[in-house]
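Chemist: Structure below; questions to follow.
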Amino acid sequence: MTVGALVVLLVRTLFPALGIDAVSLGLLLLALLPWLSPLIKSAKLPGGFEIEFQDVKDAAQKVTANEPAPTVAPPASPTYLDIADQDPSLALVALRIEIEKRLRELAELAGVTRTRSLAVLTRDLQERKVLNQESASGLRDLIGLGNQAAHGVPVGPEVAYSAVEFGPPVLQVLDSKIVQLRATA
């Protein structure tokens, strides 16, 4: 995205008849936007295009921050990784589904009723010390983001890339907890 915007800006600069105008400034902003992502939570561009940068990253970091190093290998290509390029919303929904599968398995292993809502399930797993407070909070955030995507909230490509980057460590933490609970059962 940065390179494309800079190339178009360079062409506009090389041909002074085109001049530096609002389009050129917009292209410059578009070129800089990915590099500003650590500082910006979201940006809404004309035409309704919305990019959410920090939500997935922040939620994933909550899950992995205070956890011991995972004891299992990263998940082998979860389904959401395959669709992230084509449909960012679907990638986020698929990550939410992967999280739900693991939470329900953790609930079963911990003796928690699996049929509860994910919010209640996460709280119950936290009360049983299967999840720490920060991990439970991050998981609730990720589940909420997946729910929003499923209900049509605009999701930009940066969200899908965040899910691809930060999703596997979250799933790895949950898989490690499943292995630990199985070992103690």
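Just so you know, all these numbers are worked out from the coordinates, no wet-lab data involved. What you are looking at is a predicted structure, and each value in this text was computed from that prediction instead of being measured. We place every Cβ from the backbone using ideal geometry, glycine too, and count neighbours over all the protein chains shown.
Chemist: Normalised by the number of residues in the range 50-184, what is the relative contact order in percent for Cα pairs under 8 Å and 6+ residues apart?
Modeler: Values: 189 pairs, mean separation 64.9, N = 135.
Answer for the range 50-184 is 48 percent.
Chemist: Put one equal scatterer on each alpha carbon of the range 50-184, apply the Debye formula with no solvent term, and list log10 I(q)/I(0) at q = 0.10, 0.18, 0.20 1/Å to two decimals.
Modeler: Per q value, in the given order, log10 I(q)/I(0) is -0.29, -0.93, -1.14.
Chemist: What order, most packed first, do the peptides 95-101, 171-177, 109-115 have when packing is the mean number of other Cβ atoms within 10 Å of each residue?
Modeler: By packing density, highest mean first, the sequence is 171-177, 95-101, 109-115.
Chemist: Listed highest first by mean packing, meaning other Cβ atoms within 10 Å per residue, what order do 59-65, 126-132 come in?
Modeler: Working: 59-65: 19.7, 126-132: 16.3.
With the highest mean Cβ count within 10 Å placed first, the list reads 59-65, 126-132.
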